[in-house]
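The values are calculated or read from the model by the stated rules, or taken from the named source; none is laboratory data. Because the structure is predicted, anything quoted here is derived from the model rather than measured. Cβ sites come from the backbone with ideal geometry, for glycine too, and all protein chains shown count toward neighbours. Please note that ligands, DNA and RNA were not included when accessible areas were found on the heavy atoms of the full protein model with its side chains. Shrake-Rupley method; radii C 1.70, N 1.55, O 1.52, S 1.80 Å.
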Amino acid sequence: MAFKICPRLTALTLRLKSHPTAVSTLSSGCGLTVEHDRQNRRFTVTPGSGAGDHDCAVLYYRFTGEKEVDLMSTYVPASFRGQGVAALLSQAAMDYLVEEKLKAHVSCWYIKKYIKDHPLQRYKELVIT
């Protein structure tokens, strides 16, 4: 199965639908789209049409309070690794925190690294230590 992935993420756009359980999307200029499945509390990137759940890159979170979440884990299949997919998922999750005015516990080592590697985004202010 062939799919296009950029080695570097470009300008991203976020389009939210009005229903709170709707799927939100975050797209890169290279054809990758992060979907936010609010009902199942996850962000996903799928390589293309016909791909199954086992082909998805995913970031899971759970609510731990009214305005608090735990960013629990990320999983990126071998075919996606080293191409910025985990960063795209992490950015989508952090943007969600900002938009919804949420604070986060960060259990996932990769998301901790992402926050540390992006100090200008001020993501540390969203983290509960």
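For the range 76-83, indicate whether the set of residues that are open to solvent by less than 60 Å² (accessible area, probe 1.4 Å) and either in a helix (DSSP H, G or I) or farther than 19 Å from V34 by Cα (or both) is non-empty. Scanning the range 76-83, I find no residue that is open to solvent by less than 60 Å² (accessible area, probe 1.4 Å) and either in a helix (DSSP H, G or I) or farther than 19 Å from V34 by Cα (or both), so the answer is no.
Does the range 100-120 contain at least one residue that is assigned to a helix (DSSP H, G or I), hydroxyl-bearing (S, T, Y), under 17 Å from D37 (Cβ atoms) and open to solvent by less than 20 Å² (accessible area, probe 1.4 Å)? Among the residues of the range 100-120, not one is assigned to a helix (DSSP H, G or I), hydroxyl-bearing (S, T, Y), under 17 Å from D37 (Cβ atoms) and open to solvent by less than 20 Å² (accessible area, probe 1.4 Å), which makes the answer no. Within the range 53-65, residues that are under 24 Å from L32 (Cα atoms) and open to solvent by 40 Å² or more (accessible area, probe 1.4 Å) sit with their Cβ atoms under 6 Å from residues that are of a type in the set (S, T, N, Q) and modelled with pLDDT of 95 or more, at 6+ positions apart or across chains, in these pairs: Y60/S73.
Can you confirm whether the range 36-49 contains a residue that is assigned to a loop (DSSP other than H, G, I, E, B), of a type in the set (G, A, S) and modelled with pLDDT under 95? Within the range 36-49, one or more residues are assigned to a loop (DSSP other than H, G, I, E, B), of a type in the set (G, A, S) and modelled with pLDDT under 95. Answer yes or no as to whether S79 is of a type in the set (S, T, Y) and at pLDDT 95 or above. Against the criterion (of a type in the set (S, T, Y) and at pLDDT 95 or above), S79 does not qualify.
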